[in-house]
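First comes the structure, then the notes that go with it.
The values are calculated or read from the model by the stated rules, or taken from the named source; none is laboratory data. A quick note: this is a predicted structure, and the numbers were derived from the prediction, not measured. All Cβ positions, glycine included, derive from the backbone under ideal geometry; neighbour counts span all protein chains shown. SASA here: full protein model, heavy atoms, side chains in, ligands and nucleic acids out. Shrake-Rupley method; radii C 1.70, N 1.55, O 1.52, S 1.80 Å.
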Amino acid sequence: MSASASDSLGGPMVNAAPLTAVGFFLLFIQSTIPVVSFLLLFSGLGFGHVTFSKLRSLYSMSMTCLGGSFFIFISLFVLDVSFWSPFMKIPKRILLGLAGAGFLIGVITSAQEYPAAPMGLFFLGVPASFYLLRKTAFAYMSTGDYMRGLSYSLVILGVTVFASWCAWWGSTDQFWDRKTKLEFNEKMECDEFLDSDTIDCLASFLLWFSPFMAAVACVVFGLVCYFMSQALNNTSSSKTLDSTLRMFVMVILCTCLGLWISASVAGAGMSLANVVTMFCFAAIIITGAMLSAVIGKEAITQSVMEVPLMKKLAKVAGSDWLKALFMITCWPMFAIYMAFSSINQFFRVYLPCNTFEHPTEVSNRYVTAVCAKQLSNLAGWNWASVMVKMLWVGVIFFSLQIGIGKATTIFLSWLAGELKSLNAGITFAIFFAVGLGMFLLPPVPGVPVYLTGGIILTSAVEEDLGFPPALAISGVFCFVIKLCAIVCQQKGIGERMGEKASIRKLVGVNSISIRAIKKILEKPGLHTPKVAILVGGPDWPTSVLTGILGLSLFEMLLGSLPVLLLIVPTAMAGGFQLKKAEGGSWEAIGNVTLAVAALVQGGALLAACYYIEQTAANNYDELSNLPDDQEVLKLEEKDNKIAAIREELVNWHSEKFPKWCKINLLMGAFTMTMCCYLFYFKADSCFETFEVSDTIECPAPPPPAPPTPEDGKSPSSTKILLEVNCLDGNVLNVIKPLGYASILLFFVACFHLHLFNNWAKDEVFKYLEITEMNKAEAQKEDDGSIKKAVQTKTWYEMTKLLRDIADGKVPVESIDSL
């Protein structure tokens with residue numbers, strides 16, 4: 001395994017030299033050069049503001065360079081550069097070199113419009129530089145030793161950069177507060193790009209924050225290299241793959257942390273969330289590429305598929321739901337891909353310098369063989385089912401992101417404003433009732449309630465008790481509300497719903513997964529799988545499910561106690577919003593605590609999925625032999641029959657499937673896709689940025705300050721209210737004109753879905769009615785045949801009995817039996 005891996009990354013290492021002190025020093029130096037260069041050129045630790053100022057004058061050439069490099073890359077793709085004949089080798093290298101150089105220059109000079117571009121180049125360039133150095137300067141070293149030395153270098157470098165960054169903003173009093181924002185905005189010349197009502201500038205924040213992101217990147221890539229070195233140095237293939245899997249899981253968990261940090265940063269009112277999310281997914285892609293190069297794709301796939309959870313995911317990989325998710329997210333890109341494939345096929349067949357050998361049937365295609373195979377697979381899909389699920393995916397996305405997210409935030413913001421003027425006792429009582437009521441609503445998550453509790457409850461008692469005790473009380477009170485909600489959800493809702501067979505069927509009480517959940521939760525005491533399910537699962541569904549399954553309330557409350565680790569940081573993050581105006585590190589601490597809380601819940605959810613599937617796999621025979629709920633079983637059989645009938649009737653490829661239904665579904669799927677794209681990619685243009693800490697009513701501006709002696713003008717009071725978002729007293733002001741248009745598209749798509757569902761339901765009912773009528777007619781015919789047979793049999797018996805009486809074989813009294 002290790003030999004082949006070494007060959008794949010750096011060539012055969014028959015007499016590879018071991019890692020020495022000198023070799024490690026050289027590795028550390030080569031790791032330091034790109035990192036230090038980036039920090040000096042593009043961060044606040046160096047001369048980042050000077051670099052950005054110089055690049056600003058070169059912005060006009062960035063689009064030219066990027067456009068030219070993109071044109072060269074696309075041209076080489078459609079001209080099938082990989083199949084060019086040997087005499088075209090030199091022109092090919094020249095064109096690739098020009099495209100790469102143009103891309104680098106274009107990315108660097110685009111920093112004015114895209115300040116995250118240098119950081120993205122750093123993320124991609126550092127692993128690429130390590131690979132090139134491995135192939136050249138360190139070719140004498142084995143791949144395992146190279147990875148090990150590189151891992152130590154990167155981790156040391158990452159820790160050093162992080163410590164330097166903390167020392168820098170700590171010693172210079174440059175916490176990311178209002179003063180630092182204005183200072184960095186001036187350095188980056190952000191004022192000409194910002195609206196008059198905001199001071200949040202992405203370029204300024206990246207200048208301040210980029211050392212931290214560089215440190216995280218070094219540590220993550222260092223750990224990746226360490227696990228890869230462990231995998232390469234293990235002689236056992238099973239140990240190699242175990243190390244590989246642990247490494248990849250670690251990267252995914254770090255990515256989840258990054259996503260949650262991006263969400264918390266987005267809550268600060270900046271457009272950094274998409275940047276952090278992009279870098280997190282880039283880390284997964286880069287790690288996957290490194291794994292495939294070193295370990296091998298087939299070995300990794302085989303090892304991953306040994307995990308029970310991955311086995312189950314693989315089984316549903318071909319489901320219509322995943323097909324719908326793919327189509328609603330990727331069909332525009334797939335259409336572009338088909339266009340390029342068609343051009344590629346044309347040049348593949350007719351380009352003179354192409355050495356690609358193609359049979360006649362391939363020459364007759366309009367697209368490449370790979371694309372033709374993909375289109376053939378797509379043609380076999382039941383598009384009626386896929387497009388219906390595309391519409392439902394859009395409905396779920398809209399409900400979660402807009403219906404629940406925006407509505408819950410606005411309501412809690414209004415509640416916070418209304419309770420400000422009340423005394424502490426009334427405030428706590430009202431918030432308890434409202435918080436408990438929101439927990440009893442199925443779609444409402446707990447995090448907004450905890451955040452609002454941190455704001456409202458801390459503000460209510462801070463003046464009397466001080467800020468730290470008020471913060472602690474708000475967290476504990478939210479925890480009490482959560483425990484009371486568990487009682488109400490389990491006993492008041494779950495147990496009552498469990499009396500209905502239709503509800504038990506809906507949750508799947510006869511399924512292996514639900515039986516595995518019940519087995520885990522029935523085990524008394526505190527243990528990791530139980531806590532993972534109760535803490536990581538969604539609030540309302542989890543507690544209601546425990547009631548439907550008839551589990552012990554005491555055990556569920558006991559297993560839910562660690563949710564305190566989620567609630568307290570979230571409530572603290574809400575409380576820290578009250579201190580944002582004071583500057584300092586309050587805002588940063590609030591974001592960190594929110595990220596920690598999100599990481600706790602996200603990690604618990606992943607652990608819950610793992611333990612459920614592990615329990616289901618390890619106890620499959622026991623769980624399968626448990627007695628079924630007979631009422632639920634009958635309903636499932638009935639629903640399965642109806643589902644089979646619907647699938648047969650609603651088949652895209654059936655000749656009886658109406659054309660107007662196809663057009664209706666196509667229009668609905670297209671409209672829903674456009675709606676979701678607007679909500680996701682143009683969210684800022686559809687809705688105003690509004691958080692729980694904002695207000696519906698705009699506060700009155702403070703009186704203007706007296707004129708300053710320098711210019712005789714009074715400073716604008718607008719700057720004082722820069723970080724307060726309001727809706728001028730009308731909640732509908734959160735929706736912008738493009739938002740109304742996207743909402744209209746959503747309802748149009750829902751109309752198409754409603755129209756199709758009504759038609760499908762009518763078709764199923766018609767089929768069932770016809771089937772029942774046919775059964776009734778058949779039963780009638782059967783009854784007539786039976787009656788006739790009975791009459792015939794009775795006449796025969798009577799005739800035979802009379803003959804026997806006449807012959808004296810039986811007494812005359814036997815005639816009474818007739």
Practice problem: Return only the number of the condition from (1) touching a residue at least 40 places away in the same chain (Cβ under 8 Å); (2) surrounded by fewer than 19 Cβ atoms within 10 Å (Cβ to Cβ); (3) over 26 Å from A571 (Cβ atoms) that G525 does not satisfy. | Solution: (1)
Self-check item: Which listed residue, of S399, S385, is more than 19 Å from the chain's Cα centre (by Cα) and under 30 Å from D320 (Cβ atoms)
Solution: S385
Practice problem: Assess whether E613 counts as being modelled with pLDDT under 85, surrounded by fewer than 11 Cβ atoms within 10 Å (Cβ to Cβ) and over 15 Å from Y767 (Cα atoms). | Solution: no
Quiz item: So, in the range 445-466, of the ones that are hydrophobic (A, V, I, L, M, F, W, C) and buried (at least 17 other Cβ atoms within 10 Å of the Cβ), which residue ends up modelled with the lowest pLDDT?
Solution: V447
Quiz item: Which numbered condition trips up I430, out of (1) more than 29 Å from the chain's Cα centre (by Cα); (2) open to solvent by less than 40 Å² (accessible area, probe 1.4 Å); (3) of a type outside the set (F, W, Y)?
Solution: (2)
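To keep it simple, each residue is scored yes or no on (1) open to solvent by 30 Å² or more (accessible area, probe 1.4 Å); (2) in contact with a Ser or Thr (Cβ under 9 Å, 6 or more places away or on another chain); (3) part of a helix (DSSP H, G or I).
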position	(1), (2), (3)
L606	yes, no, yes
K638	yes, no, yes
R646	yes, no, yes
M674	yes, yes, yes
F679	no, yes, yes
Quiz item: Can we say L309 is open to solvent by less than 70 Å² (accessible area, probe 1.4 Å), at pLDDT below 85, within 29 Å of A616 (Cα to Cα) and among the aliphatic types (A, V, I, L, M)?
Solution: yes
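Test of understanding: among S341, S363, which residue is within 30 Å of I90 (Cα to Cα), modelled with pLDDT under 85, over 38 Å from the mean Cα position of the chain (by Cα) and among the small types (G, A, S)?
Checking each option against the conditions leaves just S363.
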Practice problem: With respect to L96, determine if the residue is under 30 Å from M213 (Cα atoms) and of a type outside the set (K, R). | Solution: no
Self-check item: Any helices (runs of 4 or more DSSP H) falling wholly within the range 1-74 and containing at least 2 residues that are open to solvent by less than 60 Å² (accessible area, probe 1.4 Å) and modelled with pLDDT of 80 or more
Solution: 21-42, 48-56
Quiz prompt | Pick from the range 497-552, criterion among the aliphatic types (A, V, I, L, M), over 12 Å from D629 (Cβ atoms) and not in a helix (DSSP H, G or I), ranking: modelled with the highest pLDDT | solution = L551
Exercise. Report yes if K389 is surrounded by fewer than 16 Cβ atoms within 10 Å (Cβ to Cβ) and either at pLDDT 85 or above or out of contact with any strand residue (DSSP E or B) (no Cβ under 6 Å at 6 or more places or on another chain) (or both), otherwise no.
Key: no
